[in-house]
């Protein structure tokens, strides 16, 4: 953008804060200054550039297309400064904040003990959890590390496969055993159509089992909780179903539902000590639970 070479990091820092918060008062609090000061800085920057950088409305400040290039630069600089300042303390110990993006299904069973062990080994690191279903937050650099099930990640992300993930059908433990021939004779608890792309959902649809749903929702954990209460059969990953004492398997793990557990980070954070420490700690802890993810952990007999 013309005139952008006249801006310093202080100017970009102000733009970044306003874009991030959408509010002059919140940006001022983030920057440790006053609302009028932020307002004057935005006006001066726009005058220097000869462009409108934010649309003002009752809902707050929203960045315009003209601001996109500057905000990308500001985000990159802010991230690199955070990487440099937050990787190690003066005594050489790894520390700083790491934002971990993952799905809600990791929280009931597998992730808490891994994070507790990570805390013991690297006490200087603050892990902030962001529960989200997509990779957009990592791609936008709103997260440092992502833990996801799926296939090959986008090119700008680097990752490692921790282990496989198996999935199968579960029934409430209070029910009598259900054989495969009777799957359509009993009620189900299913995910909603927002998950129609999953192989397990396509399998249910092809067999007409979605029509037997007693409840549908947009949360796999909610599906598990409803099945625990006896509402119906449920399709669940083994790391949830096998760890739940109130559920029992109906079928063995189904190969067509198999996926991989990926641990991902952005390519530009290679060599950042705090992110490397979290990646290593998560990888080690999760691999110790591979039997649960891959359906080999013993579960109660029917």
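A short reminder: the numbers here are calculations on the coordinates, not readings from a lab. Quick caveat, the model's predicted, so the values are computed rather than measured. Ideal geometry is used to build each Cβ from the backbone, glycine not excepted, and the neighbour counts take in all protein chains shown.
Data overview
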read-out: At 1.306 mPa s and 10 °C, Stokes D of the chain from Kirkwood alpha-carbon radius, µm² per second; value: 72
read-out: Ranked list, fewest to most other Cβ atoms within 10 Å of each Cβ, for 274, 119, 225; value: 119, 225, 274
read-out: Region 167-257: C-alpha gyration tensor shape, a/c 1.5 cut-off, then a/b vs b/c; value: rounded
read-out: Extended-chain gain in nm, criterion 0.36 nm per residue less alpha-carbon gap, residue 65 and residue 192; value: 42.2 nm
read-out: Helix axis angle, 68-86 relative to the chain longest principal axis, alpha carbon, degrees; value: 80
read-out: Helix 35-49 vs. the chain, principal-axis angle (Cα, 0 to 90°, nearest 10); value: 80
read-out: Degrees separating the helix 273-287 axis from the principal Cα axis of the chain, which is the longest one; value: 0
read-out: Antiparallel DSSP beta bridges within the chain, as percent of all bridges there, nearest 5; value: 65
read-out: Rh by Kirkwood over Cα pairs, then Stokes-Einstein D for region 4-78 at 0.890 mPa s and 25 °C, µm²/s; value: 203
read-out: Likely footprinting exposure, 125, 161, fewest C-beta neighbours within 10 Å first; value: 161, 125
read-out: Residues 193, 179, sorted so that the one with the fewest Cβ neighbours within 10 Å comes first; value: 179, 193
read-out: Shape category assigned to region 98-226 from the gyration tensor of Cα positions, a/c cut at 1.5; value: prolate
read-out: Sequence ranges 45-53, 226-234, ranked by mean other-Cβ count within 10 angstrom, highest first; value: 226-234, 45-53
